[in-house]
Amino acid sequence: MEKENPYRQSIFNPPGRSGLLGRVFYFAVYRAMLRYLGPLHRPGALYRSVGILILSGMGVLLFIAGTPADFYRVYATDGYDQPSEIYAIGPDGKYMAISEFLPPGETRRVIYLEDQPDGGDPFDLKVVRSFIATEDNNFTRHPGVDPLGIARAMLVNIQAMNVKEGASTITQQVARLRFLSRDRHIIRKMREAFLALLIEMRHSKSEIMEIYLNTVPLGHGTNGIEAAARFYFDKSYRELDWGEAAVLSAMTTSPSTYSPLKKPEQSRRKVGVVLNRLVQNGDITVREAEEQFRSLTEHFYATLNRSPNDSSFQQRLNLHPYATEYVKAQLPSEFRGRVLMRGGLRIYTTINHQHQQAAEEEMIPHLRRETRRRHRSPFTRFEIFEDDLGPAVRMQELIFPMAPIRRRMTRAERDFFLEFEREFQAESELLNYLSGGTNLSKAYEYLRSTGSRIAEEEQTVEGALISLRPESGAITAVIGGSGFEPRNQLIRVDARRQAGSAFKPLVYSSAIENTGRSDSADFVLTAATLIDDSPVLYVNRDLSEYSPENYSRSYEGLIRLRRGLTLSKNAVAVRTYKNVGPDYINHTVEDLLHLSERSRGQRELPREASVALGSFDVSPLEMARAYATFASNGREVHPYVISHITDAHGRILLDNRPELERRERRQILSPGGAEIITSLLMDVVRQGTGRAAGLPGRSVAGKTGTTNRNNNAWFVGYTPELVTALYIGYDNPRSLGAGATGGGLAAPVWGRYMYKALLGEPANPFRFPGSDVVRVEICEQTGMLPGPGCSNTMVELFLPGTQPTEVNAELEGGSSNEPPPVIKRTDDVFAEDDLGF
């Protein structure tokens with residue numbers, strides 16, 4: 001009979017005086033030990049006991065290190081941060097990416113390992129094999145934590161008495177990159193291991209490798225192998241050879257220490273280590289490794305043709321900065337901040353790449369050019385001459401027998417002279433003193449003493465442009481200045497300023513619509529109404545005088561409204577507003593500008609005649625929206641720029657398209673009223689102040705605008721396909737100079753932009769379905785039906801019931817039963833109170 005083991009008795013049999021809980025506990029532990037270890041006297045039981053204790057301790061520590069939130073974080077996230085992208089409509093009508101959003105200092109190009117062109121195994125890629133050899137040889141075999149790797153690292157570090165080798169698997173690195181900091185302490189390492197186990201349960205090996213290769217930092221602001229491959233070698237990660245792949249994988253432990261740009265020697269040594277590991281793993285032969293290392297070493301600087309201070313931030317996708325920032329400003333709050341920077345959003349917009357590119361090509365150089373024109377520096381005249389006439393003059397010198405025309409100083413010579421004077425001012429003073437020459441330093445001091453005046457003159461000419469489709473309201477292009485700056489990229493797009501005569505069509509269209517459709521109006525305004533174009537004088541309540549003048553300072557007497565708008569006569573606009581009255585004008589103008597009911601109390605249109613001359617501050621978008629109403633048959637337009645938003649997997653998060661299709665569009669003007677104002681504005685472009693905005697073969701309507709003292713120059717116009725509002729002016733109110741008008745400054749760039757933007761689109765005529773206008777031949781002199789003495793006639797457009805029905809015989813010295821409709825000059829000055837203000 002076997003003798004009972006006293007060790008077992010003393011350890012696992014509780015004393016007789018033990019309580020029930022103690023007896024149960026000891027019995028449970030004893031039975032568990034017997035089940036998993038067997039009798040303790042058997043061989044290997046002690047080692048198994050130690051192993052169980054270690055694993056149990058690790059389990060307890062992992063339980064302490066882990067948190068319930070870790071389960072949610074691992075299972076609720078997609079694995080890695082993805083850049084959000086903004087898409088515009090490309091030349092082929094399909095969406096194209098124009099910009100991306102990433103946290104500051106990062107650049108990333110997302111790759112998908114499973115999407116290989118040849119359908120091959122992604123683990124056969126050279127760059128993947130290189131990272132596995134460098135970081136985790138057992139990646140495909142361990143469950144997230146590599147016990148053998150930990151033991152090996154411990155032995156190496158103990159022998160070296162230093163941390164020479166890490167034991168983190170690629171999965172653990174993913175856990176650290178995604179969820180943890182880089183601090184080195186035991187709790188963080190335990191959480192890293194715990195998260196690695198969860199990640200292995202959540203993702204496949206291919207997915208884990210994809211996450212790693214998309215997030216690993218590789219120096220100079222690059223995150224992920226695609227961004228790094230593009231930055232260092234200007235090729236895709238699939239195209240890397242073994243040596244190039246080794247350069248990238250060598251940087252994982254410390255991108256700054258092993259940067260091939262900043263520390264090429266350290267990088268080369270580490271590349272040799274990586275190639276050696278690839279040989280040990282059987283991925284390449286010794287000969288291949290030697291050839292790769294030799295080739296990389298011989299052409300190291302040629303292959304990596306970059307400055308050590310270069311950053312991948314310069315490679316971020318941002319084709320159209322103004323459009324990008326405008327879209328960003330329109331995003332709902334739930335799609336901003338971290339979600340925008342890391343959420344992989346796909347933001348599909350109405351921005352048209354062709355329109356935006358045309359706007360940048362025309363608007364920005366035009367503004368910079370106008371800035372140079374207005375500088376009074378003597379150098380500027382030569383720069384403008386060179387820009388304008390330099391090529392033509394050189395061509396003439398070659399063709400005709402003429403003496404060469406020499407400029408006094410080129411831009412490069414000017415820059416060199418000023419820089420030389422700044423750097424060697426003291427030396428030049430001494431040289432001038434010794435030689436008795438001209439003291440250039442005194443001239444330099446004079447220039448510096450007048451710095452405040454020069455600084456004022458060097459304020460840049462700025463401006464804004466915005467385009468939209470009149471039928472849908474889709475915004476297709478936006479520009480906010482002469483050069484993109486993060487501080488003020490949108491201030492000019494949103495800023496309100498006086499629009500000058502570009503505001504007149506809003507007043508005229510409202511007056512024609514409301515008096516022509518009203519049974520109670522005392523006076524009916526038509527495009528043929530005669531209005532007295534002569535000086536007008538106001539006496540304000542404070543007894544001060546206000547006398548708006550025509551820009552040309554010339555007056556024509558009685559002229560038709562159509563001609564008054566074509567030539568932008570201020571006296572005609574003021575008398576129209578005075579005689580029709582704000583009751584028939586203001587409300588419709590507010591609807592055209594879409595002033596909401598909530599804001600009308602704050603931005604109510606003043607009841608004063610200066611409104612007719614554009615004294616009310618408006619933004620470019622508000623003006624574009626008002627003119628779009630003219631182009632869209634009198635219906636209101638709802639501008640928008642975001643079509644829909646999806647996540648990285650294509651799931652729709654926001655879709656504005658159904659709402660836009662369902663949204664009702666109020667009829668602000670009748671189709672007939674819209675057709676009449678469009679006809680008037682077409683004359684402005686054909687034969688008036690807007691001739692520079694004409695587009696060959698296209699129907700164009702628009703109006704120039706010039707504010708007091710030439711502070712702002714506007715042109716707002718449209719074709720059947722596109723509406724564009726554009727203004728030019730200084731940020732701080734200041735005159736652009738004599739001759740800086742809407743027709744001379746804004747209309748030309750508007751025309752060039754629209755020509756490029758609409759290139760390739762069919763040219764359509766204006767159409768106004770449902771228009772009830774009546775076309776009547778009238779006498780140009782009187783606006784009435786032509787009589788025997790009428791020398792010139794034309795066809796005019798009228799709302800039903802407002803057309804003339806009688807012949808006016810004043811030209812023949814006879815009489816008529818119906819006098820011509822006329823707004824005459826008043827003999828007495830009138831105060832604002834006379835208008836009911």
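Could you run through region 260-300 and say how many residues are small (Gly, Ala, Ser) and surrounded by 19 or more Cβ atoms within 10 Å (Cβ to Cβ)? Here the count works out to 2. Within region 215-236, the set of residues being surrounded by 24 or more Cβ atoms within 10 Å (Cβ to Cβ), out of contact with any Ser or Thr (no Cβ under 7 Å at 6 or more places or on another chain) and in a helix (DSSP H, G or I) comprises Ile225, Tyr232.
Can you tell me which residues in region 719-746 are in a loop (DSSP other than H, G, I, E, B), under 18 Å from Glu370 (Cβ atoms) and under 27 Å from the mean Cα position of the chain (by Cα)? Once the filter is applied, which keeps residues that are in a loop (DSSP other than H, G, I, E, B), under 18 Å from Glu370 (Cβ atoms) and under 27 Å from the mean Cα position of the chain (by Cα), region 719-746 yields Tyr730, Asp731, Asn732, Pro733. Which residues, counting only those in region 623-671, are under 24 Å from the mean Cα position of the chain (by Cα) and among the basic types (Lys, Arg)? Residues satisfying the conditions are Arg625, Arg651, Arg657.
Conditions: (1) modelled with pLDDT of 90 or more; (2) under 30 Å from Ser643 (Cα atoms); (3) assigned by TED's automatic domain parsing to the domain that holds Ser311. Ile111 meets all but one. Number of the miss? Among (1) modelled with pLDDT of 90 or more; (2) under 30 Å from Ser643 (Cα atoms); (3) assigned by TED's automatic domain parsing to the domain that holds Ser311, the lone unmet condition for Ile111 is (1). Could you tell me which residue of region 639-656 is farthest from Tyr718 (Cα to Cα), considering only residues that are exposed (fewer than 15 other Cβ atoms within 10 Å of the Cβ) and in contact with a Ser or Thr (Cβ under 9 Å, 6 or more places away or on another chain)? By that ranking, first place goes to Ile652.
From the list Arg662, Arg635, the one residue that fits, being of a type outside the set (A, V, I, L, M, F, W, C) and modelled with pLDDT of 95 or more, is Arg635. Under the condition of being surrounded by fewer than 21 Cβ atoms within 10 Å (Cβ to Cβ) and at pLDDT below 95, the residues counted in region 720-743 number 9. Among the residues making up region 237-254, those that are in a loop (DSSP other than H, G, I, E, B) and within 17 Å of Arg109 (Cβ to Cβ) are Leu240, Met251. Restricting attention to region 610-638, the residues that are under 15 Å from Glu471 (Cα atoms) and assigned to a loop (DSSP other than H, G, I, E, B) add up to 6. Residues being assigned to a helix (DSSP H, G or I) and among the β-branched types (Val, Ile, Thr): count how many of those fall in region 275-285. The total comes to 1. Can Gly272 be described as more than 38 Å from the chain's Cα centre (by Cα), in a loop (DSSP other than H, G, I, E, B) and not hydrophobic (A, V, I, L, M, F, W, C)? Spelling it out, it is not the case that Gly272 is more than 38 Å from the chain's Cα centre (by Cα), in a loop (DSSP other than H, G, I, E, B) and not hydrophobic (A, V, I, L, M, F, W, C).
Reported count of residues in region 771-793, each being more than 15 Å from Leu530 (Cα to Cα) and in contact with a helix residue (DSSP H, G or I) (Cβ under 9 Å, 6 or more places away or on another chain), is 9.
Here Thr689 does not fit the description of being under 22 Å from Val716 (Cα atoms) and within 27 Å of the chain's Cα centre (by Cα).
Checking Thr678, Thr689 one by one, the residue that is in contact with a Lys or Arg (Cβ under 9 Å, 6 or more places away or on another chain), closer than 26 Å to Gly463 by Cα and among the polar types (S, T, N, Q) is Thr689 and no other. Being more than 14 Å from Tyr551 (Cβ to Cβ) and touching a Leu at 6+ places or on another chain (Cβ under 8 Å) holds for only one residue in Arg691, Arg734, Arg686, Arg698, and it is Arg698.
Okay, residues lined up against (1) surrounded by fewer than 22 Cβ atoms within 10 Å (Cβ to Cβ); (2) within 24 Å of Ser249 (Cβ to Cβ):
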residue	(1), (2)
Ala88	no, no
Lys94	yes, no
Arg108	no, yes
Glu114	yes, yes
Phe123	yes, yes
Val128	no, yes
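Taking the condition in a helix (DSSP H, G or I) and touching a residue at least 60 places away in the same chain (Cβ under 8 Å), does Thr678 pass?
Yes, satisfied.
The set of residues in region 114-137 being in a loop (DSSP other than H, G, I, E, B), polar (S, T, N, Q) and either closer than 17 Å to Ile284 by Cα or not assigned by TED's automatic domain parsing to the domain that holds Ala228 (or both) consists of Asn137 alone. Just so you know, in region 698-718 the residues that are in contact (Cβ under 8 Å) with a residue 60 or more places away in the chain and assigned to a loop (DSSP other than H, G, I, E, B) include one that is surrounded by the most Cβ atoms within 10 Å (Cβ to Cβ), and it is Thr707.
The values are calculated or read from the model by the stated rules, or taken from the named source; none is laboratory data. Everything numeric here is computed off the predicted structure, so don't read it as measured data. Glycine gets a Cβ as well: all are built from the backbone with ideal geometry, and neighbour counts include every protein chain shown.
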